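A.B. asks: Pasting a structure below so you can have a look.
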Amino acid sequence: MASEVTRDVTGGRLEQSEYAENFSDYNPPLNRHEAAVEADRCYFCYDAPCTIACPTSIDIPLFIRQISTDNPTGAAKTIFEENILGGMCARVCPTETLCEEACVREAAEGKPVKIGQLQRYATDTLMREASEHPFERAEPTGRKIAVVGAGPAGLSCAHRLALHGHDVTVFEAREKAGGLSEYGIAAYKSVNNFAQNEVQFILDIGGITIETGKKLGADITIEALASQYDAVFLGIGLANVNALGLDGEDAEGCEDAVEYIARLRQASDLAALPVGRHVVVIGGGMTAIDVATQTKLLGAEEVTIAYRRGQDGMNASEYEQELAQTNGVTIRHWLQPKALVLHGNGSVAGIELEYTSQSNGTLSGTGETITLKADQVFKAIGQKFESHPLTGSSLDLDGGRIKTDENRKTNLNNVWAGGDCVRSGEDLTVVSVEDGKIAAESIHATLSA
């Protein structure tokens, strides 16, 4: 039922001091003593299930042992050898479902070694105190590689190629490098401009040039790059957000969660960012958790996540779900969007949701509905690959993403791809880093043959 009342969306719902507190580092770093105590909890397992669980295969027992001997910079180098974005991954990786879930202490005691926090302690120490880059670039090879996309996959690939002595030009569509590290994660997970500091750390190896404002399919093309460079790596991510499939989805107040998070990440004054009094988020992944938690921290009175399946089906980890709930977010399961409720002026007033049930793996609506008031409805039901920039390139796609082999090589002779844009992508920063590293080694081997 439409209403003539206008939406209550405004900035400045909190005092300035509250914004500073709400968006401060949500997981403060360990100090030297705390790191030493935590490192001593490690059993330094010979078979290291934690390392096996790490997508980048960091030698976790080794770097923790280095911390325990008061050598955090050595520990950081061990980390960076496998994951040059180890600092960001220490902040955003779902360690509770990767290395820490595999920890022997988790199995025995339900309290794993704090691997993520130890990784952050080591990498932060090196980035803060080291007088020079921890790696030395090989002699220049004269080879030139184009990397499209300055996100985790692209930066990882660029760094590894530069380390081998190749010259790399990174083309980035946005104004800043960093990809999701800069634009896509919750602001309280990465504070004090860490994403840009990490980009500079990566560039310090030398041999890497970043050109921003260069969009694939508009300013550059795969064909042109392939003819001008010895190799091309595509780390272009996922450009579009899945639609809800509802009438009126373009109405004022029905918003893209990814874009809102990007605006929040770039806001110089959080008080100027408009937020509704009543917010509903549709989805069950990390984006849903991040936008819900942050709108609550911006001063929204009521924030609800609606997810069509049960808690076990949510892509967001239990830890992240608990983080949202601790901050006052309500998570409701077995609800799917049915219709947007609009004000008389066509803007969002609420959303009608249908209860769902599951039988033999098949989800269906029950016919019973509930309507939630909403000044803002955020779409966070996953992102999809935009293939338009690839038009005319003859790149093979599989399942709507770029098809590659185990070395991240595409069907084109000198084109590789990795990260969220590839078929095997798991949409995790750490997986994107590994993709970039694998592709770089394959490119280097090909060019060295």
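A.B. asks: Starting from segment 228-248, keep only residues that are at pLDDT below 95 and among the small types (Gly, Ala, Ser), then list their pairs with residues that are open to solvent by 30 Å² or more (accessible area, probe 1.4 Å) and not in a loop (DSSP other than H, G, I, E, B) whose Cβ atoms are within a distance under 6 Å, requiring at least 6 positions of separation or different chains.
C.D. replies: Between residues of segment 228-248 that are at pLDDT below 95 and among the small types (Gly, Ala, Ser) and residues that are open to solvent by 30 Å² or more (accessible area, probe 1.4 Å) and not in a loop (DSSP other than H, G, I, E, B), the close pairs are Gly248/Leu342.
Here is a yes/no grid of residues against (1) more than 30 Å from Glu38 (Cβ to Cβ); (2) at pLDDT 95 or above; (3) of a type in the set (Phe, Trp, Tyr):
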site	(1), (2), (3)
Thr123	no, yes, no
Ser131	no, no, no
Thr141	yes, yes, no
Ser181	no, yes, no
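A.B. asks: May I ask you to list the residues in segment 433-449 that are within 21 Å of Gly184 (Cβ to Cβ) and open to solvent by 10 Å² or more (accessible area, probe 1.4 Å)?
C.D. replies: Scanning segment 433-449 gives Glu434, Lys437.
A.B. asks: Here's a follow-up. I'm trying to understand the selection: among the residues of segment 261-275, which are more than 16 Å from Asp290 (Cα to Cα) and either among the hydroxyl-bearing types (Ser, Thr, Tyr) or in contact (Cβ under 8 Å) with a residue 24 or more places away in the chain (or both)?
C.D. replies: Within segment 261-275, Ser268, Ala271, Ala272, Pro274 qualify.
A.B. asks: Out of the residues in segment 75-95 that are more than 21 Å from Glu426 (Cα to Cα) and open to solvent by 20 Å² or more (accessible area, probe 1.4 Å), which is farthest from the chain's Cα centre (by Cα)?
C.D. replies: Across segment 75-95, the extreme among qualifying residues is Lys77.
A.B. asks: I've got another one for you. For segment 182-190, does any single residue satisfy the condition of being open to solvent by 30 Å² or more (accessible area, probe 1.4 Å) and within 19 Å of Val433 (Cα to Cα)?
C.D. replies: no
A.B. asks: Among what's in segment 4-37 and is over 30 Å from Lys296 (Cβ atoms) and either touching a Lys or Arg at 6+ places or on another chain (Cβ under 8 Å) or among the small types (Gly, Ala, Ser) (or both), pick the residue that is surrounded by the fewest Cβ atoms within 10 Å (Cβ to Cβ).
C.D. replies: Looking at residues that are over 30 Å from Lys296 (Cβ atoms) and either touching a Lys or Arg at 6+ places or on another chain (Cβ under 8 Å) or among the small types (Gly, Ala, Ser) (or both), I get Ala36.
A.B. asks: Here's a follow-up. Test each condition in (1) free of Cβ contacts under 8 Å to residues at least 24 places away in the same chain; (2) aliphatic (A, V, I, L, M); (3) open to solvent by less than 20 Å² (accessible area, probe 1.4 Å) for Leu225 and report the one that comes out false.
C.D. replies: (1)
A.B. asks: Quick check on segment 44-62. Is at least one of its residues modelled with pLDDT of 95 or more, touching a Pro at 6+ places or on another chain (Cβ under 7 Å) and open to solvent by 50 Å² or more (accessible area, probe 1.4 Å)?
C.D. replies: Checked against the condition, which is being modelled with pLDDT of 95 or more, touching a Pro at 6+ places or on another chain (Cβ under 7 Å) and open to solvent by 50 Å² or more (accessible area, probe 1.4 Å), segment 44-62 yields at least one hit.
A.B. asks: Further, regarding this structure: Listed residues Thr391, Thr371, Thr330, Thr404; which is at negative phi, out of contact with any strand residue (DSSP E or B) (no Cβ under 8 Å at 6 or more places or on another chain), among the hydroxyl-bearing types (Ser, Thr, Tyr) and open to solvent by 20 Å² or more (accessible area, probe 1.4 Å)?
C.D. replies: Thr391
A.B. asks: Additional query: Restricting attention to segment 96-118, which residues are open to solvent by 20 Å² or more (accessible area, probe 1.4 Å) and not acidic (Asp, Glu)?
C.D. replies: Hits for segment 96-118 are Thr97, Leu98, Ala102, Val104, Arg105, Ala107, Ala108, Gly110, Lys111, Pro112, Lys114, Gln117.
A.B. asks: If the requirement is being closer than 12 Å to Ala153 by Cβ, modelled with pLDDT under 95 and not charged (D, E, K, R), which of these qualifies: Val430, Val422?
C.D. replies: Checking each option against the conditions leaves just Val422.
A.B. asks: Please work out which one of (1) over 27 Å from the mean Cα position of the chain (by Cα); (2) open to solvent by 20 Å² or more (accessible area, probe 1.4 Å) is the condition Leu397 fails and give its number.
C.D. replies: (1)
A.B. asks: Further question on the same structure: Just give me the residues in segment 333-354 being open to solvent by 60 Å² or more (accessible area, probe 1.4 Å) and either in contact with a Phe, Trp or Tyr (Cβ under 8 Å, 6 or more places away or on another chain) or in a loop (DSSP other than H, G, I, E, B) (or both), in sequence order.
C.D. replies: Trp334, Asn345
A.B. asks: Right, next: Keeping to segment 55-73, report how many residues are touching a Leu at 6+ places or on another chain (Cβ under 8 Å) and closer than 24 Å to Arg32 by Cβ.
C.D. replies: Number satisfying all stated conditions: 5.
A.B. asks: Still on this structure, please answer the following. Just for segment 47-71: of the residues that are in contact with a helix residue (DSSP H, G or I) (Cβ under 7 Å, 6 or more places away or on another chain), part of a loop (DSSP other than H, G, I, E, B) and among the polar types (S, T, N, Q), which one is nearest to Val431 (Cα to Cα)?
C.D. replies: Looking at residues that are in contact with a helix residue (DSSP H, G or I) (Cβ under 7 Å, 6 or more places away or on another chain), part of a loop (DSSP other than H, G, I, E, B) and among the polar types (S, T, N, Q), I get Thr56.
A.B. asks: Could you please tell me which pairs satisfy a Cβ distance under 7 Å, a separation of 6+ or placement on different chains, a first residue in segment 203-222 that is within 27 Å of Ser387 (Cβ to Cβ), and a second residue that is surrounded by fewer than 16 Cβ atoms within 10 Å (Cβ to Cβ) and at pLDDT 95 or above?
C.D. replies: Thr212/Glu175; Gly213/Glu175
A.B. asks: A follow-up question, please. Regarding segment 204-217, can at least one residue be identified that is open to solvent by 20 Å² or more (accessible area, probe 1.4 Å), in contact with a Cys (Cβ under 8 Å, 6 or more places away or on another chain) and closer than 30 Å to His166 by Cβ?
C.D. replies: Scanning segment 204-217 turns up no residue that is open to solvent by 20 Å² or more (accessible area, probe 1.4 Å), in contact with a Cys (Cβ under 8 Å, 6 or more places away or on another chain) and closer than 30 Å to His166 by Cβ.
A.B. asks: Tally time: how many residues in segment 238-251 are open to solvent by 20 Å² or more (accessible area, probe 1.4 Å) and in contact with a Leu (Cβ under 9 Å, 6 or more places away or on another chain)?
C.D. replies: 5
A.B. asks: Now a separate question. Show the residue pairs meeting these rules: Cβ distance below 7 Å; 6+ apart or different chains; first residue within segment 318-334 and more than 15 Å from Lys189 (Cα to Cα) and modelled with pLDDT of 95 or more; second residue polar (S, T, N, Q) and surrounded by 14 or more Cβ atoms within 10 Å (Cβ to Cβ).
C.D. replies: Val329/Thr293; Thr330/Thr304; Ile331/Gln321; Ile331/Gln325; Arg332/Thr304; Trp334/Thr356
The values are calculated or read from the model by the stated rules, or taken from the named source; none is laboratory data. This one's a predicted model, so the numbers in the text were calculated from it and none came from an experiment. Cβ: placed from backbone, ideal geometry, glycine included. Neighbour counts: every protein chain shown. Surface accessibility is based on the protein's heavy atoms, side chains included, excluding ligands, DNA and RNA. Shrake-Rupley method; radii C 1.70, N 1.55, O 1.52, S 1.80 Å.
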